[in-house]
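Peer 1: Below you will find the structure I want to go over with you.
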Amino acid sequence: MTTLFELFDQQPHFCTERIALSMREGLREERWSYVQYRAAVDAVAALLLNEYSLSPGDRVMIQAPSSPRTAIALHGILRAGLVAVPMDVGATPSFVKTVLRETEARARIVSTDDAARADEFTIPLENMKLESATPLERFPAAGDIAEIVYTSGTTGAPKGVVLTHGNLAANARSIVPVVPKDVELRLLSILPLSHMFEQTVGLTMPLLLGGSVHYATSHHLPSISRALKRYEITCMVVVPQVLSMMMYGIESRARARGGWPDWDILLQLGRRLPRDLRRVLFYRVIRALGGNFSFFMCGGAPLAPPVAETWDAIGVRILEGYGATECAPVIASNSFDNPLPGSVGQALTGFDLRLAENGEVQVRGDSVFTGYWRNEVATRDAFTPDGWFRTGDIADLDASGRLFLRGRLKDLIVLPSGQNVFSQDVEEALTSLDEIDDCAVVGAPDASGDVHVHAVVCSELEDIQIAAAIKLANSALAEHQRVTGWTRWRNGPLPRTQLLKLKRSAVLASLTGVPASSSSEPEKVSEDPLRDLV
């Protein structure tokens, strides 16, 4: 096994002035070439080891919005042989304090907004000197701990996932074969670097392939649209609801122009044309995406097949994958040669994958974590007796090894009849209707204590219209899957993690009045809807 920095040093583009990272703030453009990036990473490493007297193995929390400096600081921590503890900027102070205590962190790197609290322990990101430093002679070993990443967690107390340098490098190498080689990678980053999905797919992978990463200064759609054009962006790393929201905006414009009756006809035509002609047919959409946009890399939550098919019809490809923080994180991915909407693709090179008798996905490989930080019980429970990691996801496999996710094992609703219902299947039937904006399906007890399929619905319509929509959805479901009761959700958006995984336990707790387990993720809403999504 090897490390990220050994992989980087093998790539000749790290000795060039090619742009690696950039960000525009107001009239100021911050650009980092590959040479500058590499020198800055060494400078951060030297600063932490020498001026702050940290030692390899010490834990350093980093909590700052995604930016070139955040990326450099993160890699500087790793380069020094320190252990990064990435923390979302929206995490509650109490949770931050808990993680600091559990990891015994010796320093905390924060954004400029927190600079007033600077002391020997807190290091303002913007004040860090990033001038050239003498390159460190020693690389961290592949078996050394690189990061402790606290999972967002849809239920239960969050746990610190321990990832080694070897885990990070193995996953980065596994992703490279599925990335198209005919597209120059100019990536617009909108997801938080505190999550492994963005770290690996949105930062490490493009750097390894010689691409450029441009960080969005705002998550409002007009700002993103300007960035797509300014940097001639070719790809983005997103979660499914970003795709849904962007497509909603495109379709809304088509409706506003009076061309809505033709939109469905054009989509049907697009599905029959070669990809290049699709992009000509939908040239206005491609132009709105900057003119050079080629594909999305999507993960973090299930992607509805109709959304994927609509993007494909206009000539924009989606590389959908599946993963877990414990696997650094990507486990499987579709390829552009043989995509299949509804499937998350085949296991990446370096992974062995199997299904347990109950359908649970279990994996092993060089990317799989070593355990949870100082939590022997949780670590033991995460693995089978023969050493396979239990993902907790239920899936089907077809003859070619493609994976079709069914839902989470913990979200499986077991009815009194013994029949099983997957919440996700019912939710997809409901949200496919225009009347239902969002919903969560849970197993709720009735007056006698028997569990039944219950839908918690977000909608602005009258009760009679919602009831009619649920009746329509039930007609397309098997008898045991049908919703037998529903409740209107009146507490704003349904509770979700930072990567938009639905917190069904919190929804059920609201229904039953039983407190849900603690979670790391704050449930706050800002004035920026896309910021809330990512």
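The values are calculated or read from the model by the stated rules, or taken from the named source; none is laboratory data. Quick caveat, the model's predicted, so the values are computed rather than measured. Here Cβ is always computed from backbone atoms with ideal geometry, including for glycine, and neighbour counts include all displayed protein chains. Quick note on the areas: whole protein, heavy atoms, side chains included, nothing else; ligands and nucleic acids left out. Shrake-Rupley method; radii C 1.70, N 1.55, O 1.52, S 1.80 Å.
Peer 1: Tell me, yes or no, whether region 144-151 has at least one residue that is at pLDDT 95 or above, farther than 23 Å from Val35 by Cα and surrounded by fewer than 19 Cβ atoms within 10 Å (Cβ to Cβ).
Peer 2: Checked region 144-151: at least one residue is at pLDDT 95 or above, farther than 23 Å from Val35 by Cα and surrounded by fewer than 19 Cβ atoms within 10 Å (Cβ to Cβ).
Peer 1: In addition: Here is a check on your reading of the model: is Ile190 farther than 24 Å from Met23 by Cβ and of a type in the set (A, V, I, L, M, F, W, C)?
Peer 2: Against the criterion (farther than 24 Å from Met23 by Cβ and of a type in the set (A, V, I, L, M, F, W, C)), Ile190 does not qualify.
Peer 1: Separate question: From Ala80, Ala71, which residue is open to solvent by less than 10 Å² (accessible area, probe 1.4 Å) and within 12 Å of Leu193 (Cβ to Cβ)?
Peer 2: Being open to solvent by less than 10 Å² (accessible area, probe 1.4 Å) and within 12 Å of Leu193 (Cβ to Cβ) holds for just one of Ala80, Ala71, which is Ala71.
Peer 1: Taking the residues in region 293-318 that are among the small types (Gly, Ala, Ser) and assigned to a loop (DSSP other than H, G, I, E, B) as candidates, determine which candidate is modelled with the lowest pLDDT.
Peer 2: Here the residue is Ala301.
Peer 1: Looking at (1) at pLDDT 95 or above; (2) under 21 Å from the mean Cα position of the chain (by Cα); (3) under 20 Å from Arg402 (Cα atoms), which is the only condition Ser343 fails?
Peer 2: (1)
Peer 1: Moving on. Just to check your reading of the model, which residue among Ile331, Ile286, Ile318 is open to solvent by less than 20 Å² (accessible area, probe 1.4 Å), among the β-branched types (Val, Ile, Thr) and closer than 30 Å to Arg408 by Cα?
Peer 2: Ile331
Peer 1: Within the set of pairs 6+ apart or on separate chains, which have a first residue in region 44-57 that is under 19 Å from His165 (Cα atoms), a second that is assigned to a helix (DSSP H, G or I) and not hydrophobic (A, V, I, L, M, F, W, C), and C-beta atoms under 6 Å apart?
Peer 2: Note: pairs meeting the criteria are Val44/Gly76; Ala45/Gly76; Ala45/Arg79.
Peer 1: Moving on to the next point. Being over 23 Å from Ala468 (Cβ atoms) and over 22 Å from the mean Cα position of the chain (by Cα) is the filter here; which residues of region 485-512 pass it?
Peer 2: Of region 485-512, the ones over 23 Å from Ala468 (Cβ atoms) are 491-493, 495-506, 508-510, 512.
Asn491, Gly492, Leu508, Ala509, Ser510, Thr512 - these are the residues of region 485-512 that are over 23 Å from Ala468 (Cβ atoms) and over 22 Å from the mean Cα position of the chain (by Cα).
Peer 1: From (1) in contact with an Asp or Glu (Cβ under 7 Å, 6 or more places away or on another chain); (2) open to solvent by 60 Å² or more (accessible area, probe 1.4 Å); (3) under 22 Å from Gly345 (Cα atoms), pick out the condition that doesn't hold for Leu405.
Peer 2: (2) is the only condition that Leu405 fails.
Peer 1: Separate question: Within region 494-515, can one find any residue that is modelled with pLDDT under 55 and either open to solvent by 30 Å² or more (accessible area, probe 1.4 Å) or assigned to a helix (DSSP H, G or I) (or both)?
Peer 2: Yes: region 494-515 contains one or more residues that are modelled with pLDDT under 55 and either open to solvent by 30 Å² or more (accessible area, probe 1.4 Å) or assigned to a helix (DSSP H, G or I) (or both).
Peer 1: Give the residues of region 475-507 that are closer than 20 Å to Asn420 by Cβ, of a type outside the set (Gly, Ala, Ser) and in contact (Cβ under 8 Å) with a residue 24 or more places away in the chain, sorted by residue number.
Peer 2: Listed by number, the residues that qualify are Leu477, His480, Gln481, Arg482, Val483, Thr484, Leu502, Arg504, Val507.
Peer 1: Here's a follow-up. Could you say which residue among Leu228, Leu267, Leu281, Leu243 is over 26 Å from Glu428 (Cβ atoms), open to solvent by less than 20 Å² (accessible area, probe 1.4 Å) and among the aliphatic types (A, V, I, L, M)? Break it down into steps so the answer makes sense when it comes.
Peer 2: Numbers: Leu267 fails: over 26 Å from Glu428 (Cβ atoms); Leu281 fails: open to solvent by less than 20 Å² (accessible area, probe 1.4 Å); Leu243 fails: over 26 Å from Glu428 (Cβ atoms).
Exactly one of Leu228, Leu267, Leu281, Leu243 is over 26 Å from Glu428 (Cβ atoms), open to solvent by less than 20 Å² (accessible area, probe 1.4 Å) and among the aliphatic types (A, V, I, L, M), namely Leu228.
Peer 1: Still on this model: Only one of these is open to solvent by 10 Å² or more (accessible area, probe 1.4 Å) and touching a residue at least 12 places away in the same chain (Cβ under 8 Å): Val213, Val183. Name it.
Peer 2: One residue alone meets the criteria, Val183.
Peer 1: Any residue at all in region 196-203 that's within 16 Å of the chain's Cα centre (by Cα), open to solvent by less than 10 Å² (accessible area, probe 1.4 Å) and among the hydroxyl-bearing types (Ser, Thr, Tyr)?
Peer 2: yes
Peer 1: Based on what the data block shows, is Ala356 buried (at least 22 other Cβ atoms within 10 Å of the Cβ), of a type in the set (Gly, Ala, Ser) and closer than 17 Å to Gly407 by Cβ?
Peer 2: no
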